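Here the structure comes first, spelled out in structure tokens, and everything after it is commentary.
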């Protein structure tokens with residue numbers, strides 16, 4: 001059994017991302033180069049770095065874990081189907097659902113899937129940010145968790161927000177308690 005916390009798990013994942021981004025990359029994973037000779041960044045590298053942390057720390061995990069509930073896709077009733085969680089890990093006998101996003105501060109569709117599990121992480125990866133990016137992200141999460149329509153509220157007791165910025169190596173892990181809103 002592993003003996004680390006979810007916060008330590010996320011910190012190790014941040015460190016793996018740093019190794020991937022560094023120009024003297026001795027890490028196996030790298031960001032691929034596009035036709036225009038610029039790197040392509042995505043949430044997939046963050047997920048792979050988290051999976052590497054699972055292997056390194058002997059943490060059980062599943063990828064693209066199906067949800068129990070059904071969700072609307074493309075806004076049509078006929079498009080209602082199970083969703084999937086990017087990564088589910090078991091740490092200290094708790095199941096954590098983790099969703100990864102790159103370069104966006106939108107949260108609605110992902111947070112709704114978290115109603116099924118009390119322990120969840122939204123992991124945001126950015127190449128860089130301006131002064132409004134994180135502020136907007138926090139506002140979007142607050143707005144979603146405090147919606148007037150309580151049926152759409154995120155119900156977990158705790159949501160961890162993990163943010164990593166590649167260019168500056170800045171990182172944050174923030175606990176969002178939906179019961180406080």
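From the residues in the stretch 88-111 that are in contact with a helix residue (DSSP H, G or I) (Cβ under 7 Å, 6 or more places away or on another chain) and touching a residue at least 40 places away in the same chain (Cβ under 8 Å), which one is farthest from residue 133 (Cα to Cα)?
Checking each candidate, the answer is 91.
Tell me which of these residue 17 doesn't satisfy, since it passes every other one: (1) out of contact with any strand residue (DSSP E or B) (no Cβ under 8 Å at 6 or more places or on another chain); (2) assigned to a helix (DSSP H, G or I).
(1)
Only one of 77, 45 is at pLDDT below 95 and surrounded by 18 or more Cβ atoms within 10 Å (Cβ to Cβ). Can you tell me which?
None of the other options fit; the residue is 45.
Which pairs turn up if I take residues in the stretch 161-181 that are part of a strand (DSSP E or B) and look for partners that are surrounded by fewer than 16 Cβ atoms within 10 Å (Cβ to Cβ) and modelled with pLDDT under 85 with beta carbon separation below 7 Å, at least 6 apart in sequence or on another chain?
Every condition considered, the pairs that remain are 175/158.
Is at least one residue of the stretch 27-42 surrounded by 16 or more Cβ atoms within 10 Å (Cβ to Cβ), touching a residue at least 60 places away in the same chain (Cβ under 8 Å) and closer than 21 Å to residue 91 by Cβ?
The answer is no; no qualifying residue exists.
Say we look at the stretch 87-129 and pick out the residues that are part of a loop (DSSP other than H, G, I, E, B) and modelled with pLDDT of 90 or more; which of these is surrounded by the fewest Cβ atoms within 10 Å (Cβ to Cβ)?
The extreme case among them is 93.
The values are calculated or read from the model by the stated rules, or taken from the named source; none is laboratory data. Just so it is clear, the model here is predicted, and its values are computed rather than measured. In this analysis, Cβ positions are derived from the backbone assuming ideal geometry, glycine residues included, and neighbour counts consider all displayed protein chains.
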